[in-house]
1. Measure off 7 Å from each Cα along the Cα-to-Cβ vector at Val135 and Ile16, then give the distance between these two points in nanometres to one decimal.
2. Per residue of the range 14-21, what does 6.51 cos²θ - 1.76 cosθ + 1.60 with θ = phi - 60° give for ³J(HN,Hα)? Whole Hz please, x for Gly and Pro, Karplus curve as stated.
3. Rounded to the nearest 0.05, what FRET efficiency do Ile27 and Leu117 give with R0 = 30 Å and r taken as the Cβ-Cβ distance? Could you check?
4. What whole-number value in Å² describes the accessible area per residue of the range 57-98 for a 1.4 Å probe?
5. Check Val136: other-chain or 5+ apart residues with amide H under 5 Å from its amide H, H built from backbone geometry?
6. For the range 18-81, with all protein chains present and a 1.4 Å probe, just round the carbon and sulfur fraction of the accessible area to a whole percent.
Amino acid sequence: MKKIKKEAFFSHILTINVGGEKQSAIIKDLQRHPSKSRIMHADFQRILLDQAITVEVPFHFLNEEACVGVKTGGGQISHNMTQITISCLPGNLPEYIEVDLETMEIGEALHMSDIQLPEGVVIPALAQGSDYDQVVVSVNINKRAEAEGRSFLDLTTFETHQKFYQQPDSHNCGIFSLINVSAAYVAEATYHQN
């Protein structure tokens, strides 16, 4: 059961005994018991070592924390795909496909055609044309951080570029309006007078 929990188990070539005859196969699907650590059913795919097989393997994303777009640009990584369908001879079947994110900048995306594949491995979808070249992973602007940045007003920065006016009210509180003429943008901040 411990081996079954590892993703590599699904990319290993198994030898099964069918009616006294040994055959090579890979696991296609497992049905587990919902509450017990027990396998209810297993589907195998018979393979020939000299014929290509088509299977799904997972991605392993490397250097996410060291990614340039995240570390220096404050971006956020979006995993559009977590696994991919590949085709290869059984002897070339990888346990996973590594994707290095270290040099990715904000706004950059890696497509299936950008992925470095092991020798002898191809992505069948790419043979259907560029329309099937899906995004695997991208680095996007962190919307939350961007919104927080816009809500902060540094009044000293705007003093030489903006027009100001003050409208006091009956509660000894003033409304201080900042008008950005050049960008046609108005932001208002309330402050208490001493």
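1. Between Val135 and Ile16, the label points sit 3.9 nm apart.
2. These are the phi-based 3J(HN,Hα) values: 9, 10, 10, 9, 10, x, x, 10 Hz.
3. The pair Ile27/Leu117 has a calculated efficiency of 0.85.
4. 51
5. Under 5 Å from the amide H of Val136 lie the amide H atoms of Leu110, His111, Met112, each far enough along the sequence or on another chain.
6. On the way: 1980 of 4310 Å².
Of all accessible area on the range 18-81, carbon and sulfur atoms account for 46 percent.
The values are calculated or read from the model by the stated rules, or taken from the named source; none is laboratory data. These numbers were taken from a predicted model, which means no experiment stands behind them. Please note: Cβ atoms are built from the backbone with ideal geometry, for glycine as well, and neighbour counts cover all protein chains shown. Side chains are part of the model used for accessible areas, which takes the heavy atoms of the whole protein and leaves out ligands, DNA and RNA. Shrake-Rupley method; radii C 1.70, N 1.55, O 1.52, S 1.80 Å.
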